[in-house]
Amino acid sequence: MCKSCGVLYSQDIRACYLNKLSITKAGLIEWLETTVFLLNSCAVPLIDFAVEDLSEVKQLKSEKIVDQKRIIELQDEIIAEDNKLDLVGKTVKSEIKLYSSVDSCAEELL
C-alpha cells in the first residue's frame, strides 16, 4: 500500500495519494477489507478488554477507599485503647505510691 502510494510509512498515506490513476478500485477494496479485518480481529477486542479492565479498576479503587477508611477507624480505636491503657497505668502507679506512703507511715507509727 505504501509502495503504491509512494510513501515510506502507512501514517503518511492521505487522500491525495490514494486519488491517483495507478491506485485501482480493486486495490482500494482489498486495502479496505484488510483494514476492517485488522480492526475487527485486533483493535476491537483490545478496546473491549480495556473497557472491561476500566470497570474493574473503578471497582478496585472503590474497594480500596472503603478498606482505607476501615483501617483509619481501626487505628483510631487502637489509639483510644492505648490512651485508656496509659491512663490505667498512671492510675496504678499513683495508687502504688499512695499505698507505699501510707504503708511507710504505718510502720513509723508502730
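Sites listed here are chymotrypsin sites (Phe, Trp or Tyr not before Pro) in region 1-85 whose DSSP assignment is loop and whose Cβ has at most 11 other Cβ atoms within 10 Å: 9. Using a probe of 1.4 Å on the protein chains alone, the accessible area found for residue 42 is around 70 Å².
Rg/Rh for the chain stands at 1.78; both radii use Cα atoms, and Rh follows the Kirkwood definition. Here the simple spin-label model places points 7 Å from the Cα toward Cβ, and for residue 17 and residue 95 these points are separated by 9.0 nm.
Once both labels are positioned 7 Å from their Cα atoms along Cα-to-Cβ, the gap between residue 38 and residue 67 label points is 4.1 nm.
At full extension, residue 1 and residue 59 could sit 16.5 nm farther apart than now, given 0.36 nm per residue minus the alpha carbon distance. Here the accessible area of the chain is 63 percent carbon and sulfur, with a 1.4 angstrom probe and all protein chains present.
Per residue, the chain exposes 91 Å² of accessible surface when a 1.4 Å probe is rolled over the protein heavy atoms with every protein chain present.
The values are calculated or read from the model by the stated rules, or taken from the named source; none is laboratory data. Just so it is clear, the structure is predicted and the values come from calculations on it, not from any experiment. Neighbour counts are summed over all protein chains in view; Cβ atoms, including those assigned to glycine, are modelled from backbone coordinates with ideal geometry. Surface areas here come from the heavy atoms of the whole protein model, side chains and all, with no ligands, DNA or RNA. Shrake-Rupley method; radii C 1.70, N 1.55, O 1.52, S 1.80 Å.
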